[in-house]
1. Identify the residue in region A:66-100 that is among the charged types (D, E, K, R) and more than 22 Å from A:Met1 (Cα to Cα) and, among all such residues, is surrounded by the most Cβ atoms within 10 Å (Cβ to Cβ).
2. Here are some residues: A:Thr42, A:Thr56, A:Thr61. Which one is away from chain B (no Cβ under 14 Å), among the β-branched types (Val, Ile, Thr) and crowded, with 20+ Cβ neighbours inside 10 Å?
3. Please specify each residue of region B:191-250 satisfying the condition of being away from chain A (no Cβ under 14 Å), charged (D, E, K, R) and assigned to a helix (DSSP H, G or I).
4. What residue, of B:Ile9, B:Ile36, is β-branched (Val, Ile, Thr) and closer than 17 Å to B:Tyr141 by Cα?
5. From the list A:Ile191, A:Ile219, which one is outside any loop (DSSP other than H, G, I, E, B) and under 21 Å from A:Phe80 (Cα atoms)?
6. For region B:102-119, what are the residues that are in contact (Cβ under 8 Å) with a residue 40 or more places away in the chain, closer than 24 Å to B:Leu90 by Cα and surrounded by fewer than 24 Cβ atoms within 10 Å (Cβ to Cβ)?
7. Pick from region B:167-190 the residues that are of a type in the set (A, V, I, L, M) and part of a strand (DSSP E or B): which of them is farthest from the other protein chains (Cβ to nearest Cβ)?
8. Residues in region A:17-38: is at least one more than 15 Å from the chain's Cα centre (by Cα), in a loop (DSSP other than H, G, I, E, B), crowded, with 20+ Cβ neighbours inside 10 Å and not charged (D, E, K, R)?
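The values are calculated or read from the model by the stated rules, or taken from the named source; none is laboratory data. The model shown is predicted, which means the values in this text are computed figures rather than measured ones. Quick reminder, even Gly has a Cβ in these numbers, built from the backbone with ideal geometry, and neighbours come from all protein chains shown.
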Amino acid sequence: MLKIDNLHAEIGGKEILKGLSLELNAGEVHAIMGPNGAGKSTLSYVLGGRPGYEVTAGSVTYNGEDLLAMDPHERAAAGFFLGFQYPVEIPGVSNVQFLREALNSQRRVRGEEPLSGGEFLKLAKEKAALLKLDMEMLKRFVNVGFSGGEKKRNEMVQMGILDPKLAVLDETDSGLDIDALKVVGEGINAIMRQPDKAVLLITHYQRLLDYVKPDFVHILAGGRIVKSGGADLAHRLEEEGYDEVMAA
Amino acid sequence: MTTTTMPTIRDEEWRYADFAALETVPEAEVTGWDEIAVAPGEVLARTFVLDGAAPDIQRLRITLGEGARAEIFAVNAASAYARLEIEVTLTPHSHFEFGGVLIGGGDVTREFVTRTIHAEPEATSNQTVRAVHWGTASGNYLGRIDVARHAQKTDAAQDFKGLLLEKGASANAKPELEIFADDVKCAHGATVGQLDEMARYYMASRGVAPDVAEHLLIRAFLADALAALGDEAEQERLFDHALAALEKAA
């Protein structure tokens, strides 16, 4: 589904990703862990097409297509979703208005009929309930006045509504209390644990992986994947720390 | 009418005007006023859409009786120099509400000029102007507030925000407050900036096409200027006029 090959990327002339390779197949959940400054967020933004992140070498293929050649909104329409580490506030635009526009834009690109206001609200209510986010919050401006945890749950409500094929979730667990972590973890499973979908979880901590069990765990350090393994690798990291595990 | 001489660049309230365009406008339109006296307790509600292709100057001189209100909302999306000038004289418990949108590109100057005269105590005024420009257009808001010596308990607010979509466009905000009373509230703010790139990217990341995202963000930016317009159909009509200017640009 996603094939990253020898990816090099820089911001402002500084190289952050230095030959990163990774492959995800449909039905798989991968977790990327790594110390601060390893390039985790850079990877997520490069995959998401954020302006200012320049790919200098390598390739990213998504379902056989060149992901890097697509504009961000085209990536979304093709089923790619980026869960932001710091969800953006948009004063003056309501969540409902924003998400209905987003979903219907995607549907138009895919040649599907747009959802009516009523159909959209029904879908939004269902996904908000799944993530235990008050529907009233979706009527408010995008992320304005939301707590850190509410912003992250809102990201997952968006994911539920947009129903992507591939989700890259950048530190979706940070800022969540223990109860919210469970709700978000179960939400990710409900939305994305499907045979035709894949998830790339970027996280600092093992705790999210207690709810969303990864099939593969990778350690990102110095801009490349330095070690890969199964779910047990995350446990070892939690116990022994990055230095020890990477040296082993 | 006290003056029949044409303004010059030395006149404060004309300093950003397009003088070449002014020469094509009949002198009576440049120097004359539409005078409106609002009786005590009455409401004057007016909306203006300036979207002509020829230079256009509209000048409104309003006198508010006790407890009267003037509620003026305007969209200036003209494709030639266009100016709406309002002078309001307030008496006790009267209120002046002004919401204005300046929007457009080209090499065009669009402006709102207000003079709010708090001549008596306990009157209120609130003015909100939003400007969105591209090309080499400029949008001007000159807002003068005079508070007379005995006009205590005056509450006057003025807020301007400019959004420049391209290099070369400009916005001029000139708040001018002359306050002679000592127990008054006069708030004013003026900022000029660009579209929030992160908001635009966030919307794109969810599938919203760039032109649609820009449209939504600009509409949100303009909303404050028309928020106090109670007539929803009229509010929508003004939004449509403002946003139609964007479509012309696309």
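1. That would be A:Arg100.
2. On the way: A:Thr56 fails: crowded, with 20+ Cβ neighbours inside 10 Å; A:Thr61 fails: crowded, with 20+ Cβ neighbours inside 10 Å.
Residue meeting the stated conditions: A:Thr42.
3. Across region B:191-250, the qualifying residues are B:Glu232, B:Glu234, B:Glu236, B:Arg237, B:Asp240, B:Glu247, B:Lys248.
4. B:Ile9
5. Details: A:Ile219 fails: under 21 Å from A:Phe80 (Cα atoms).
After ruling out the rest, the residue left standing is A:Ile191.
6. The answer is B:Val113, B:Arg115.
7. Ranking the qualifying residues of region B:167-190, first place goes to B:Ile179.
8. yes
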